[in-house]
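In what follows, a structure is listed as structure tokens, so that the remarks can point back to it.
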Amino acid sequence: MTIAAVRAHPVSVPLHTPFVTALRTATTVESLLVEVVDADGRSGLGEAPQVWMVTGDSVAGAQACVEQVLAPLLVGRDADDVAASTRAVHRAVVRNTGARAAADTALHDLAARRLGVPLVRLLGGTRLRVPTDVTLPAGDAEALHAAAAARVGEGFDVLKVKVGKAGPGERDAAAADVRRIRRIREAAGPQARIRLDANQGWTPREAVRAIRGMQDAGLDIELVEQPVPAHDLDGLAWVSERVDVPILADEAVFGVRDLVEVIRRRAADMVNVKLAKCGGLGPARTLLELAAAHDVGTMVGSMMETEVGVGAAASLVAAYGTTVVSDLDAVWWLASTPLTGGLRYEGAEVVLPDAPGLGVGWPA
């Protein structure tokens, strides 16, 4: 059975609450859904989110890549030969990780649908439930106190806090972050795990000062994600050497070469694998295996995405596992959706549908 068509569908989905980080403030998810259709009319979906400040990918750029390069490449190929088709996708263009991830995921989703099994089974797993953290966006201490109490009350026991962004009138972002985390710990109680994501927002010295300040205050931080700019591996290693809290590389690692360099320099203790950064499920599996081989901890995350991108990431976690709870809450932030089916949340768990592929479709 051959691939008959590849289609690109731009979507804009509102968030119920602004998502604020050290890099940006988002009120919508801007994304491209890629549909790979076989000759019988069955289709698989993948997603290329617009992430200007991390990957540099845009909806327009991903659409051009899909329509001008990847679609002509894939049409006519065997719909079941996922390995050969994904290799061709990854050789066809450089960078464009979102577009490659969307095509890669759509090919896997279509293959799973053709077999009548959930995507996680195609990847070699059986679980349909995986735990997730929930993010507290950057904000003032009292708003974060209230948000932490609300999320814990809803059943979330791992809180990811966006730090590294000074508020109005604050000159010392690191000191302000210590005050915010103290209020979050008061609201969340001693049992909740608190992890930080600076999104490159600190200098190395600020990072060490903030992390040590939280340690000295007994705030019990689980890990700190990407404390310094992505390009500064020396700074990342400098921070890792000077604090006891595990350091997780995110924006610093897109692909295998990046992870090899992090491992070689001992720049971080852990890595956050994202499909939109590395180019899809195939590269993501390689990163997870490489990290495991070198005793580097793992997490799988997503950008702000729909049920398609997050469902694929959650399926990967369900099949391969990670060393810490993954970051799969993006769909929780959506105020509405252009899709039907797909994952849902039960407390702090992502529940994948027991349906072919990702179980996601278009409204009738």
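For residue 345, the solvent-accessible surface computed with a 1.4 Å probe is close to 50 Å², ligands and nucleic acids excluded.
Sequence-ordered 3J(HN,Hα) estimates for the range 192-203 from the Karplus curve with 6.51, -1.76 and 1.60 and θ = phi - 60° stand at 5, 8, 10, 10, 10, 10, 8, 6, 6, x, 10, 7 Hz, glycine and proline given as x. Only Lys, Arg, Asp and Glu carry charge here, each on its Cβ (+1 for the first two, -1 for the last two); on that basis the chain has a dipole of about 280 debye about its Cα centre. Against the chain, whose longest principal axis comes from its Cα atoms, helix 173-188 is set at around 80 degrees. Approximating the spin labels as points 7 Å out from Cα along Cα→Cβ, the residue 154-to-residue 1 distance works out to 3.8 nm.
Translational diffusion of the range 182-322 was estimated from the Stokes-Einstein equation, with Rh taken as the Kirkwood radius over Cα pairs; at 25 °C and 0.890 mPa s the coefficient is 158 µm²/s. Principal-axis analysis of the Cα atoms of the chain puts helix 204-216 at an angle of about 70° to the longest axis. In terms of the Cα gyration tensor, with a ≥ b ≥ c the square roots of its eigenvalues, is the range 95-144 rounded because a/c is under 1.5, prolate because a/b exceeds b/c, or oblate? Oblate, because a/c is 1.5 or more while a/b does not exceed b/c. Pairwise alpha-carbon distances in the range 1-136 exceed 18 Å for 58% of all pairs.
For residue 357, the residues 5 or more places off, or on other chains, whose built amide H falls under 5 Å of its own are 113, 117, 119. Ordering 324, 107, 271 by Cα displacement along the dipole of the chain toward the positive end leaves 271 in first place; charges were set at the Cβ atoms of Lys, Arg (+1) and Asp, Glu (-1). Only DSSP H runs of four or more residues enter the estimate; each adds -39500 (n - 2.57), and after division by the residues of the chain the mean residue ellipticity at 222 nm equals -11500 deg cm²/dmol. 3J(HN,Hα) couplings calculated from phi for the range 51-59 with the Karplus curve 6.51 cos²θ - 1.76 cosθ + 1.60 (θ = phi - 60°) are, in sequence order, 9, 4, 8, 10, 8, x, 6, 10, 4 Hz; Gly and Pro show x.
Taken one residue at a time, the phi angles of the range 97-114 give Karplus couplings (6.51, -1.76, 1.60, θ = phi - 60°) of 5, x, 4, 5, 5, 5, 5, 4, 5, 4, 5, 5, 4, 4, 4, 5, 5, 5 Hz. Gly and Pro are set to x. Between residue 142 and residue 39, the distance separating the two model label sites (each 7 Å from Cα on the Cα→Cβ line) works out to 6.7 nm. Rounded to the nearest 5, the antiparallel percentage of DSSP beta bridges internal to the chain is 55%. The residues of the range 98-192 expose, per residue, 38 Å² of accessible area to a 1.4 Å probe.
Compared with the dominant principal axis of the Cα atoms in the chain, helix 281-293 is inclined by about 50°. In the context of the full set of protein chains, residues of the range 1-87 present 41 Å² of accessible surface per residue (probe radius 1.4 Å, heavy atoms only).
Per residue, the solvent-accessible area of the range 251-292 (1.4 Å probe, heavy atoms of protein chains only, all protein chains present) comes to 38 Å².
Surface composition of the chain: carbon and sulfur atoms hold 49% of the protein heavy-atom accessible area at a 1.4 Å probe. Annotation for the range 208-286: trypsin sites (Lys or Arg not before Pro) lying in DSSP loop with at most 13 further Cβ atoms inside 10 Å of their Cβ are 266. Potential lengthening of the chain between residue 205 and residue 293 amounts to 28.6 nm, from the contour at 0.36 nm per residue minus the alpha-carbon distance.
Can you tell which of 217, 203, 192 lies farthest toward the positive end of the dipole of the range 179-229, using +1 and -1 charges on the Cβ of basic and acidic side chains (Lys, Arg; Asp, Glu)? Projecting each Cα onto the dipole axis, the largest value belongs to 217. With a Förster radius of 51 Å applied to the beta-carbon distance between residue 95 and residue 16, the computed FRET efficiency rounds to 0.95.
The values are calculated or read from the model by the stated rules, or taken from the named source; none is laboratory data. Just so it is clear, the structure is predicted and the values come from calculations on it, not from any experiment. Every residue, glycine as well, gets a Cβ built from its backbone with ideal geometry; the counts of neighbours run over all protein chains shown. These area figures cover heavy atoms from the full protein model, side chains too; ligands, DNA and RNA do not enter into them. Shrake-Rupley method; radii C 1.70, N 1.55, O 1.52, S 1.80 Å.
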